[in-house]
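Structure first, commentary second.
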Amino acid sequence: MDNAPFSGDSIIITEANKQLAAAAQHLEPIVLLGEEGVGKKRAAQWVHLHSSLKESAFKIHDVAHAGMLPEIIPAQAATIFIQHIEKAGKIDKAMFSKKYADTSKFKNRLVIAVDNLNPIGHLEIQHIIQLPALRERVGDIPLLASQFCENYKRLYHKPDVFISDSFLHRLQHYHWPGNTAELKERLRVAIEKLESGELTAEMVLS
């Protein structure tokens, strides 16, 4: 898929990309299900920018800070990205359907990020997109790492830093509990510190 939300050729990320592209074509609430660091905010922003709401606001609503679900203003179109919805307590199903899921009434779209479905399973939201953990698509790690390295080489003006196939192979055997976000940050720190020469797995994983 051209201009896909996530890089990679694995079946699991290809399927997620297809589901995100389909989600951009409607305004019904969607759930992004996945561990910390898999890219839920990135996915929500991609859907927003490829939807009919792309000229409107992208709003982040953190229930942990606000203490409640967001207020919806019908006249103000927006994509509302909701984090930590579990902090809202038990959500009334009828209220949710009336207030957030009636796309004929509201020109807003909710994108809800969750690690698991426990807080919202009873709401019966139809559009649930699973974003895979990095350990579930290790075949994509060489491509991701190469892209991140090139980006940070340009950012930090380090053209003489290079990586090897053995380096990429080592990265595939690490468990990455922080997922893609951890891979990206570890590579950033290592490249920032290295003046020139080969980037080794020890520099990244230690």
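The values are calculated or read from the model by the stated rules, or taken from the named source; none is laboratory data. Since the model is a prediction, treat every value here as computed from it, not as a measurement. So basically every Cβ, Gly included, is an ideal-geometry build from the backbone, and we count neighbours across all protein chains shown.
Quick notes
- From the options A64, A113, A78, residue that is among the aliphatic types (A, V, I, L, M), modelled with pLDDT of 95 or more and either in contact with a strand residue (DSSP E or B) (Cβ under 6 Å, 6 or more places away or on another chain) or closer than 17 Å to K41 by Cβ (or both): A113
- Filter result for L168 (at pLDDT 95 or above and hydrophobic (A, V, I, L, M, F, W, C)): no
- Any hit, segment 85-92, residues being at pLDDT 95 or above, surrounded by fewer than 21 Cβ atoms within 10 Å (Cβ to Cβ) and not β-branched (V, I, T): no
- The listed residue being charged (D, E, K, R), more than 20 Å from the chain's Cα centre (by Cα) and assigned to a loop (DSSP other than H, G, I, E, B), out of E202, E195: E195
- Hits in segment 1-50 (condition: assigned to a loop (DSSP other than H, G, I, E, B) and small (G, A, S)): A4, S7, G8, S10, A24, G34, G37, G39
- Candidates E195, E185: the one that is surrounded by 13 or more Cβ atoms within 10 Å (Cβ to Cβ) and either under 30 Å from I73 (Cα atoms) or not hydrophobic (A, V, I, L, M, F, W, C) (or both) is E185.
- The condition (being more than 28 Å from P70 (Cβ to Cβ) and either among the aliphatic types (A, V, I, L, M) or loosely packed, with under 14 Cβ neighbours inside 10 Å (or both)) is satisfied by just one residue among V138, V111: V138.
- When residues of segment 51-91 are limited to those that are assigned to a loop (DSSP other than H, G, I, E, B) and among the acidic types (D, E), the one nearest to the chain's Cα centre (by Cα): E55
- Residues in segment 106-120 that are in a loop (DSSP other than H, G, I, E, B) and of a type outside the set (V, I, T): F106, K107, D115, N116, L117, N118, P119.
- For segment 156-182, the set of residues classified as within 20 Å of G34 (Cβ to Cβ) and surrounded by fewer than 13 Cβ atoms within 10 Å (Cβ to Cβ) consists of H175, P177, listed by residue number.
- Counting only residues that are in a helix (DSSP H, G or I) and surrounded by 15 or more Cβ atoms within 10 Å (Cβ to Cβ), segment 93-105 holds 3 of them.
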